[in-house]
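Working notes, beginning with the structure itself.
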Amino acid sequence: MTFSADAWIRNIQLFETMCNMPFNKELANGRLRQETFKYYILQDSHYLISLSRTLAIVAAKAENTDEIVQFLEASKSAILLEYSLHKIFLKELKINENEVSDIPISSACHHYSHFLISTAFSASYPIIIAALLPCFWIYSEIGLHIYKNAKKTNPYMKWIKTYAGKEFQLIVKFIIQIIDKIGKNCDKSTINQMHAAYNDSMKLEWIFWNSAYNHESWNI
């Protein structure tokens, strides 16, 4: 069994939980409050910066020149695709791009961002790819799931179509191919660490969406 197939089976219950969490159910039926989506977009803008830095570190750790180039190209496509989506919604929500950096980062976004960056710096290439995979794969699968159930008049259809779209799906397919190729040559200890990193990212995806739905902050 490939690493990706094994990881999917191990985490299928968590994926189903994500599909049915309030944020994604309300996003699908178009009833998610605009203030909640605004909170999410602002935090996701912070996250996108950390993801970009993580991808740059990962590319530097790739195993050969061809993989470095391919990973950089896939990373660039993913970041530009998501950045373009953010620009659209920031404009619709009447938020100046220059003001995003002044918005406090949430504890969930801070946790997820630092998990990725610290893993990128400290872990081996296979483990970093495993940690990154849910960032792309879960979004594509959630996007496809929501697209099948979304109303045509959904105000968040641009978001849904981006992650359910062919361009994003091809990026995800590329990353899955990389991790399955790497997984064939990893020992049992490394595979276990890869699964742990993948599971941590899955949980952090849930925490991120849940945090956005509840407008969580650092206030105590």
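The values are calculated or read from the model by the stated rules, or taken from the named source; none is laboratory data. Treat the numbers as computed from the prediction; the structure is a model and nothing was measured. All Cβ positions, even for glycine, are placed from backbone atoms using ideal geometry, and neighbour counts span all protein chains on display.
Annotations
- In the set 88, 68, 79, only one residue is of a type in the set (Val, Ile, Thr), more than 25 Å from residue 144 (Cβ to Cβ) and either surrounded by fewer than 20 Cβ atoms within 10 Å (Cβ to Cβ) or within 13 Å of the chain's Cα centre (by Cα) (or both); that residue is 68.
- Applying the condition of being modelled with pLDDT of 95 or more and of a type in the set (A, V, I, L, M) to region 96-116 and asking which residue is surrounded by the fewest Cβ atoms within 10 Å (Cβ to Cβ) yields 108.
- Residue count for region 49-65 satisfying the condition of being within 14 Å of the chain's Cα centre (by Cα) and either aromatic (Phe, Trp, Tyr) or surrounded by 18 or more Cβ atoms within 10 Å (Cβ to Cβ) (or both): 4.
- Counting only residues that are under 21 Å from residue 127 (Cα atoms) and either in contact with a strand residue (DSSP E or B) (Cβ under 6 Å, 6 or more places away or on another chain) or not hydrophobic (A, V, I, L, M, F, W, C) (or both), region 195-220 holds 7 of them.
- The set of residues from region 150-174 being surrounded by 15 or more Cβ atoms within 10 Å (Cβ to Cβ), in contact with a helix residue (DSSP H, G or I) (Cβ under 8 Å, 6 or more places away or on another chain) and in a helix (DSSP H, G or I) comprises 159, 160, 161, 162, 163, 164, 168, 169, 171, 172, 174.
- Entirely in region 1-90, the helices (runs of 4 or more DSSP H) that have 2 or more residues that are under 20 Å from residue 115 (Cβ atoms) and at pLDDT 90 or above: 3-10, 12-19, 34-61
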